[in-house]
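One structure is given here, and the rest of the page talks about it.
The values are calculated or read from the model by the stated rules, or taken from the named source; none is laboratory data. Fair warning: this is a prediction, and the values are worked out from it, not measured in the lab. Methodologically, a virtual Cβ is constructed for each residue, glycine included, from the backbone with ideal geometry; neighbour enumeration extends over all protein chains shown. Quick note on the areas: whole protein, heavy atoms, side chains included, nothing else; ligands and nucleic acids left out. Shrake-Rupley method; radii C 1.70, N 1.55, O 1.52, S 1.80 Å.
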Amino acid sequence: MAVDSATLSHFVGGEWLSISEGDHTPDLNPSDATQVLAQVPQAGPQTLDRAAEAAKSAFRPWSRGTGQARADVLHRAANVLASRRDEFAALMASEVGKPIGEAGMEADRGVMILRYFAEEAVHPNGSVIPAQQAGSIQFTLRQPLGPVAVISPWNFPLAIPLWKIAPALTYGNTIIWKPAEVASLTAHRLVEVFAEAGLPEGVLNLVLGKGSVLGDALVNHDGVRAVTFTGSDGVGARIAKSASRRNIKYQLEMGGKNAALVLGDADLDQAAKLVAAGAMRFAGQKCTATSRAIVTSDTVDAFVERLTQQIKALPLAPATDPGSAVGPLITQDSQEKVRKYAEEGARSGEVVLGGSKPSDEALQEGYFFEPTVIVGVAPDATVAQEEVFGPLLVVQRAADIAEALQIANGTKYGLSVSLFTRDINAALEYIQEIECGMVRVNGDTTGVDPHAPFGGMRGSSSHSREQGPAAIEFFTETKTVQINQAG
Ligand code: NAP
């Protein structure tokens with residue numbers, strides 16, 4: 001079906017494909033849902049087969065080329081992205097409602113990720129292991145997997161795809177990328193960056209469409225040799241099942257129920273400021289967002305007073321407003337889901353801030369929800385156990401560090417956590433006992449350096465790590481090679 005210029009395209013084998021194997025989906029601005037940004041086409045079996053074929057054909061020349069050639073492409077992509085930084089910031093603000101200041105930081109992070117993995121392309125990719133046989137040489141060689149499916153969420157529409165795509169490319173894999181449908185426009189623009197950087201055709205293929213249909217078909221496609229996924233735990237569990245059935249490698253980064261533990265000796269002003277930011281910026285829609293504050297009982301009142309002041313200072317405004325800090329939820333369904341969690345939380349604790357949609361006339365066309373704080377919520381309440389993915393923080397009381405740790409470890413998740421204290425012994429105990437992949441002391445639960453390993457424990461992850469030196473583990477396989485003397 002031919003389409004107009006406002007319609008996005010798939011990118012397959014180096015060609016923009018203006019076809020749709022189903023009805024287009026409107027891509028809306030969540031700060032003002034009357035604004036349609038683009039029309040998203042649906043990739044069906046035909047487009048997916050073409051993408052798989054392109055990724056297969058491109059694999060040998062790309063993987064057998066030099067690391068330097070791959071590094072050059074990634075460096076050029078970094079330069080192109082840096083030159084379009086402000087455009088990407090504005091785009092992410094409009095498309096996924098990320099406050100524009102943070103969206104700019106995400107674009108900067110994308111550039112850093114590309115530069116890091118460009119360098120990785122010429123770093124050692126194996127090691128020499130002494131052989132038992134005299135005169136022999138033995139070594140390991142890390143080799144790429146083949147065509148890899150990248151399935152990414154909407155909330156970091158640039159950084160998360162890049163921390164999958166950049167290492168996949170640098171180690172010699174080819175890619176079929178399915179972004180979240182509501183982030184299709186950012187994905188389309190990011191593929192333009194790689195095309196402009198001279199990435200050979202077929203190495204990166206973009207297919208657009210719905211996760212429940214296209215994502216499922218991609219994971220189960222015979223041409224896919226591995227799947228890297230970030231998103232919700234329900235979808236992750238489904239992908240794990242399909243990938244295990246075919247015995248292909250998979251990587252899942254999923255949800256969190258991240259806690260900030262605040263002890264009586266903490267700098268309460270610092271703790272309140274960082275917990276407010278971690279919980280409410282970008283409307284709490286980060287996998288690492290602070291969702292629970294677990295506070296020693298003698299400190300709750302003083303902490304909550306400071307916390308609510310800090311939260312009130314964060315502007316709730318359309319994401320494209322330069323001062324916006326909180327922004328909208330991504331969809332009306334998400335807004336309704338957060339409202340229900342707030343309602344349930346109010347039955348178990350005391351709502352001291354927010355609790356409903358804002359009444360401000362200027363925000364009525366968007367999916368906004370007031371930053372909400374509920375104090376005294378029981379650890380087994382649904383709102384204290386499930387990922388809300390919205391601007392809602394529960395405050396829980398604990399007698400001491402031991403009880404705080406027990407509450408913190410008492411959900412199925414284990415992604416990110418922070419502890420506020422000046423007590424070195426409490427901090428050491430916490431670092432040992434907490435069951436999370438990313439652990440802070442006197443810091444925010446959100447934001448991890450782009451070159452540091454990223455990932456969770458328990459229900460938050462399939463236990464591999466992304467980013468930095470950890471990325472090679474997933475995107476390559478080890479061959480053990482021995483070369484003996486000829487007889
Ligand atoms: P999601 O609904 O699970 O979607 C993630 C991706 O999977 C999207 O591209 C989606 O496509 C696709 N998908 C949906 N159903 C699928 C299926 N049956 N088979 C294959 N793919 C499918 O998650 P989201 O709402 O985009 O993102 C929010 C979630 O991601 C939260 O739980 C958050 O904690 C988590 N997250 C985790 C991390 C981390 O590193 N741990 C980072 C960021 C976000 P459609 O969008 O087109 O449906």
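Couple of notes before you dig in:
- Any hit, region 201-224, residues being under 17 Å from the mean Cα position of the chain (by Cα), in contact (Cβ under 8 Å) with a residue 12 or more places away in the chain and more than 10 Å from the ligand (Cβ to nearest atom): no
- So residue 382, is it touching a helix residue (DSSP H, G or I) at 6+ places or on another chain (Cβ under 7 Å), open to solvent by 20 Å² or more (accessible area, probe 1.4 Å) and among the polar types (S, T, N, Q): yes
- If the condition is being of a type in the set (Val, Ile, Thr) and in a helix (DSSP H, G or I), then region 287-316 contributes 299, 300, 304, 308, 311.
- Candidates 245, 225 - the one that is in contact with a strand residue (DSSP E or B) (Cβ under 7 Å, 6 or more places away or on another chain) and of a type in the set (D, E, K, R): 225
- Which listed residue, of 209, 223, is open to solvent by 10 Å² or more (accessible area, probe 1.4 Å) and either out of contact with any Leu (no Cβ under 8 Å at 6 or more places or on another chain) or not assigned by TED's automatic domain parsing to the domain that holds residue 10 (or both): 223
- Flag for residue 148 being within 16 Å of the ligand (Cβ to nearest atom), more than 16 Å from the chain's Cα centre (by Cα) and either at pLDDT 95 or above or not assigned by TED's automatic domain parsing to the domain that holds residue 215 (or both): yes
- Restricting the first member to region 149-161 and to residues that are within 14 Å of residue 227 (Cα to Cα) and charged (D, E, K, R), and the second to residues that are more than 6 Å from the ligand (Cβ to nearest atom) and outside any loop (DSSP other than H, G, I, E, B), no beta-carbon pair is closer than 7 Å while six or more apart or on different chains.
- Scanning region 455-477 finds one or more residues that are within 16 Å of the ligand (Cβ to nearest atom), open to solvent by less than 30 Å² (accessible area, probe 1.4 Å), free of Cβ contacts under 8 Å to residues at least 24 places away in the same chain and not charged (D, E, K, R).
- Per-region count, region 103-136, residues open to solvent by less than 30 Å² (accessible area, probe 1.4 Å) and out of contact with any strand residue (DSSP E or B) (no Cβ under 9 Å at 6 or more places or on another chain): 11
- Where a residue in region 442-453 is hydroxyl-bearing (Ser, Thr, Tyr) and its partner, wherever it lies, is open to solvent by 30 Å² or more (accessible area, probe 1.4 Å), with Cβ under 9 Å and at least six apart: 445/274; 446/281
- Unique residue being surrounded by 24 or more Cβ atoms within 10 Å (Cβ to Cβ), away from the ligand (no atom under 14 Å from the Cβ) and in the same structural domain as residue 29 (by TED's automatic domain parsing) when the list is 167, 157: 167
- Test: residue in region 266-283 that is in contact (Cβ under 8 Å) with a residue 40 or more places away in the chain, over 24 Å from residue 447 (Cβ atoms) and surrounded by fewer than 23 Cβ atoms within 10 Å (Cβ to Cβ): no
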